[in-house]
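The values are calculated or read from the model by the stated rules, or taken from the named source; none is laboratory data. Worth saying up front: this structure is predicted, and the values here are computed from it rather than measured. Here the Cβ positions follow ideal geometry from the backbone for every residue, glycine too, while neighbour counts run over all protein chains shown. Ligands, DNA and RNA are stripped out before the accessible areas are found, and what is left, the full protein with its side chains, is counted by its heavy atoms. Shrake-Rupley method; radii C 1.70, N 1.55, O 1.52, S 1.80 Å.
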Amino acid sequence: MLAARTGTVGSKNLDETAKLRKHSVLSLGSREKAPKSSFEKSKDNRLNTTGQIQQRGWRLALMRELEMNWYLKICDLSYEHTIAYTTGMPHRNLGKSGLRVSCLGLGTWVTFGGQISDDVAEQLMTIAYESGVNLFDTAEVYAAGKAELILGSIIKKKGWRRSSLVITTKLYWGGKAETERGLSRKHIIEEIVRAMTHVINQGMAMYWGTSRWSAMEIMEAYSVARQFNMIPPVCEQAEYHLFQREKVEVQLPELYHKIGVGAMTWSPLACGIISGKYGNGVPESSRASLKCYQWLKEKIVSEEGRKQQIKLKDLSPIADRLGCTLPQLAVAWCLRNEGVSSVLLGSSNPQQLIENLGAIQVLPKMTSHIVSEIDNILGNKPISKKDYRS
């Protein structure tokens, strides 16, 4: 899948599934009742809207289960043969497309071709793949193109089926020449072989999305695609973590409900700030110590950065109660948002990746009470003035 960026579980047998599906359809029926007041009608409309959304979700889940059961039956397999069962990795649809992605993905920013060796990169990809991760993200600008090459060479070396993977890359920052960067057709054709729609039509890519675009820009791209019978974006890559919430929790839900654009989020640990490593300054081996990340160091030692560290210390008791680490709590917090299709992890060593993948075990513990407790500590929950589901 290509992304354009701006310059700025369980299984039931077929009979049980059929019964459930029949029940869900029958439950849509209604009975005649006495006329209601306008207030009651307004309240019922809101309830009906929520109920209809739930019904659609149930029906989609049932249809997906029927399709899975049918496929396993004709292949003479059982659910125990699937990746989701053997690894425990949940999968979600990317937006409203039919593409199923692991809810945790592996990113290559800073690490591949830069902070880590090729051997460590192979270790990370192997751990991720064997843990059920099918989504790997890169970009042409990462390590001046080396990240893409390393990613591809590892996949070839491991002999993984390409059909089992979802690879995303991003365009904009290319070479040094004026014609080697940006989103002009010339740049895209020269660097990625064909422009977005042509690439998809030729089968070279399956989907395309955006990265760091505003909601208005995404809507404009969708409108242009529809107007000229082209292919619209299916997702937006956006920064999302405990201290960055507005876009993913307020702006993107509107795009999801209106045009089906999903969210693939990155930096769940805020470039390592939430990892706890910066509680007592900036370690020499950390990302913030790198010369090209002076901006991150300044952010950490700023007044706002110190306030964030205090809030992280207040969150530690919650992590202790749940039997997890602070990074696992932070990643699980991102995953608890059903509007997020996948969270991209960035790790510089196997231990970090294994720890972050453990957030899957914490996700079922993210109850509304826990989420509310976290919100009270953070004090930054954005307020959405509209219900875009209606």
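Report yes if some residue within the range 164-176 is modelled with pLDDT under 80 and surrounded by fewer than 15 Cβ atoms within 10 Å (Cβ to Cβ); otherwise report no.
The answer is yes, given that some residue of the range 164-176 is modelled with pLDDT under 80 and surrounded by fewer than 15 Cβ atoms within 10 Å (Cβ to Cβ).
Which residues, taken from the range 340-389, are more than 21 Å from ILE273 (Cα to Cα), part of a loop (DSSP other than H, G, I, E, B) and open to solvent by 40 Å² or more (accessible area, probe 1.4 Å)?
Correct list: THR367, ILE383, SER384, LYS385, LYS386, ASP387, TYR388, ARG389.
Tally the residues that are part of a helix (DSSP H, G or I) and touching a Lys or Arg at 6+ places or on another chain (Cβ under 9 Å), restricting the search to the range 257-286.
3
Out of the range 231-256, which residues are at pLDDT 90 or above and not in a helix (DSSP H, G or I)?
VAL234, CYS235, GLU236, GLN237, ALA238, GLU239, TYR240, HIS241, LEU242, PHE243, GLN244, ARG245 - these are the residues of the range 231-256 that are at pLDDT 90 or above and not in a helix (DSSP H, G or I).
Keeping to the range 122-139, report how many residues are surrounded by 21 or more Cβ atoms within 10 Å (Cβ to Cβ) and either at pLDDT below 90 or hydrophobic (A, V, I, L, M, F, W, C) (or both).
7
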